[in-house]
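Report on the following structure.
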Amino acid sequence: MLININPLSLFQTKAKIKKVFREAKASYLNRIRFAVGMFYFGMGLSFATWASRIPDIKSALHLTEGDLGSILFALPVGQLIVMPFSGKMVTKFGSHRVLIFSLIMYVLCLINLGLATTSLQLSLGLFLFGVFGNLANIAVNTQGVYTEVLFKKTIMSSFHGMWSFAGFTGALVGLGMLALKLSPLHHFIIVAGIVLLMVAFNFKFLVRAKEKKKVKEEGKKLFVKPNTALLWLGVIGFCSMASEGVMFDWSGVYFKEIVKAPGPLVVLGYTSFMIMMAGGRFLGDGLINKFGRERVMQISGVMISAGLFTAVFLPYIIPCTIAFMFVGLGVATIVPTVYSIAGKNPTVPAGEALTIVSSVSFLGFLMGPPVIGHIAQSFGLQFSFAFIGIFGVLIAFMVSKIRTSA
């Protein structure tokens, strides 16, 4: 056996969820699900709102492409710095409290980005945006795990679907704000007000749970070896998020330079990928409940590889559009499933487990696009896409080995 673990069989969370939630009626459970979904939506809307006005802020601050690239790096730096502490904060203070606080701070940081008049102010603002974004991310996914336990079926993928849907909504709202010629600051204030209203109407329905961390006295050390199962889940997430990051940053370039798509059709690859990823997340829970997590994750990995290799060997507009749809469907359910499994680890509190897995996974999102750039510089963009295509096969292989190890 390659891996002597079986994390896909861990379906029991050790968090003690309050009785009022465990014995709630179906109507109240659906209200809880809606509330948690709104927090996912609020996070996605906030991030998409910022992303939609990056060109305007770049112009307003007279930034070059190089300047903007350096400044944008402040956001993942903020996320990475707070990662070692976010899980512990969720465990200590409760995911519901951390989520409410961090999302409020997240939208206030969004307004602050609209106030930036210098590159230094924008950099500091993005750093804080990353800090509170990571706290909200760990807390909301912990809430997603708790809600999934209450429903006794897989629903995590639909929560991530809400985040993706918010991305579309944020982009459309951004176009509307541009048409109305509103400044980024006024745009950000309006969206922040909407998200704060979401918090006000839904915070009472978040799940209250108390984590019980089992720690042996002789095992209390300054440095503790991370849980092996969580690390392997993180590697699977790494491969998926690397593929996702490449599609976000390089799909347009691929359609322009390799596919030679004319004019507006350059965005066709990215759009097809995003639509299928969002749609796949809303359909993913039903597929997982019917066919099982292992099979869906294996098929998803194969779809990622099939899509990327098709784009490499058939670099024409119709085959590549279909290929990018396959990649979108492939990445749709992997990260939500990995988070769902990690949050139910029996030995590590949900918040801390999600921190470990998301930390490893997020490295793929950060490292994938730059690696593609360096490989493309040396061997060409098609070769670099083929290299990332191997990750899908690795996902299917790792899931297979994990499933058969016990």
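Sort 339-345, 105-111 by the packing proxy (mean of other Cβ within 10 Å over each peptide's residues), most packed first.
Output ranking for 339-345, 105-111: 339-345, 105-111.
How much length would be gained if the chain were fully extended between residue 393 and residue 59, taking 0.36 nm per residue of separation minus their Cα-Cα distance, in nm to one decimal? Display every interim value, and only then the final one.
Values: separation 334, 0.36 × 334 = 120.24 nm, distance 4.18 nm.
Once the chain is fully extended between residue 393 and residue 59, it gains 116.1 nm.
Report the gain in length on full extension from residue 190 to residue 295: 0.36 nm times residue separation, minus Cα-Cα distance, nm rounded to one decimal.
Result for the pair: 33.5 nm of gain on full extension.
Roughly how many nanometres apart are two label points built 7 Å out from the Cα toward the Cβ at residue 153 and residue 228?
It works out to 3.5 nm between the two label points.
Given a 1.4 Å probe and every protein chain left where it sits, what share in percent of the accessible area of the chain is carbon and sulfur? Please report the intermediate quantities before stating the final value.
On the way: 12800 of 18340 Å².
In the chain, the share of accessible area belonging to carbon and sulfur is 70 percent.
I'd like the FRET efficiency for residue 120 and residue 181, computed as 1/(1 + (r/R0)^6) with the beta carbon distance as r and R0 of 25 Å, rounded to 0.05.
Working: r = 27 Å, r/R0 = 1.10.
After rounding to 0.05, the efficiency reads 0.35.
Over all directions, average the projected area of the Cα convex hull of the chain and note it in nm².
20.4
Compare the peptides 96-102, 57-63 by average per-residue count of other Cβ atoms within 10 angstrom and give them in order, highest first.
Per-residue mean Cβ counts within 10 Å order the peptides as 96-102, 57-63.
Using the per-residue mean of other Cβ atoms lying within 10 Å as a proxy for protection, in what order, highest first, do the peptides 145-152, 127-134 fall?
Values: 145-152: 20.1, 127-134: 23.2.
By packing density, highest mean first, the sequence is 127-134, 145-152.
Taking only protein heavy atoms and a 1.4 Å probe, what accessible area per residue, in Å², does the chain have with all protein chains in place?
45
What's the extension gain from residue 25 to residue 101 if we count 0.36 nm per residue and subtract their Cα-Cα distance?
Working: separation 76, 0.36 × 76 = 27.36 nm, distance 2.79 nm.
Full extension from residue 25 to residue 101 adds 24.6 nm.
The values are calculated or read from the model by the stated rules, or taken from the named source; none is laboratory data. None of the values given here were measured: they were computed from a predicted structure. Cβ: placed from backbone, ideal geometry, glycine included. Neighbour counts: every protein chain shown. Just so you know, the surface numbers come from the protein's heavy atoms only, side chains and all, with ligands and any DNA or RNA stripped out. Shrake-Rupley method; radii C 1.70, N 1.55, O 1.52, S 1.80 Å.
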